[in-house]
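**Q** Below is one structure. I have some questions about it.
The values are calculated or read from the model by the stated rules, or taken from the named source; none is laboratory data. Every value quoted in this text rests on a predicted model; they were computed, and no experiment measured them. Note that each Cβ is placed from the backbone with ideal geometry, even for glycine, and that neighbours are counted across all protein chains shown. Each accessible area value is taken on the protein alone, full model and side chains, heavy atoms only, with ligands, DNA and RNA left out. Shrake-Rupley method; radii C 1.70, N 1.55, O 1.52, S 1.80 Å.
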Amino acid sequence: YTTKFCITCHGKTGISVAPNYPNLARQNPEYMKIQVKDIIDGKRKNKLTLLMTANPVVMKTTDQEIAAIAEYLSTLK
């Protein structure tokens with residue numbers, strides 16, 4: 001979560017640092033995995049997703065890493 005720079009927009013505890021970014025704490029992990037994959041695959045595009053797709057570290061995130069991050073976030077309060 002930290003090394004992929006998710007923390008920058010979504011906060012240390014999965015609570016967004018700005019109102020236009022979604023909170024990820026306690027989110028459904030399956031939902032999060034689908035959303036991230038859709039962003040990486042270019043199926044989901046908007047001004048906020050450009051921050052993710054412009055970051056090569058994010059774009060190289062593996063399915064296993066996405067699943068681990070989603071599971072981690074689902075446990076945060």
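Residue-wise test of (1) open to solvent by less than 60 Å² (accessible area, probe 1.4 Å); (2) part of a helix (DSSP H, G or I).
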{"residue": "THR2", "(1), (2)": "no, no"}
{"residue": "CYS9", "(1), (2)": "yes, yes"}
{"residue": "ALA25", "(1), (2)": "yes, no"}
{"residue": "ASN46", "(1), (2)": "no, no"}
{"residue": "LEU50", "(1), (2)": "no, yes"}
{"residue": "THR61", "(1), (2)": "yes, no"}
{"residue": "GLN64", "(1), (2)": "no, yes"}
{"residue": "GLU71", "(1), (2)": "no, yes"}
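**Q** So which residues in region 15-62 are among the hydroxyl-bearing types (Ser, Thr, Tyr) and farther than 19 Å from SER74 by Cβ?
**A** Correct list: THR49, THR53.
**Q** Here are some residues: GLY42, GLY14. Which one is closer than 17 Å to GLU71 by Cα and either in a loop (DSSP other than H, G, I, E, B) or small (Gly, Ala, Ser) (or both)?
**A** Criteria check complete, one pass: GLY14.
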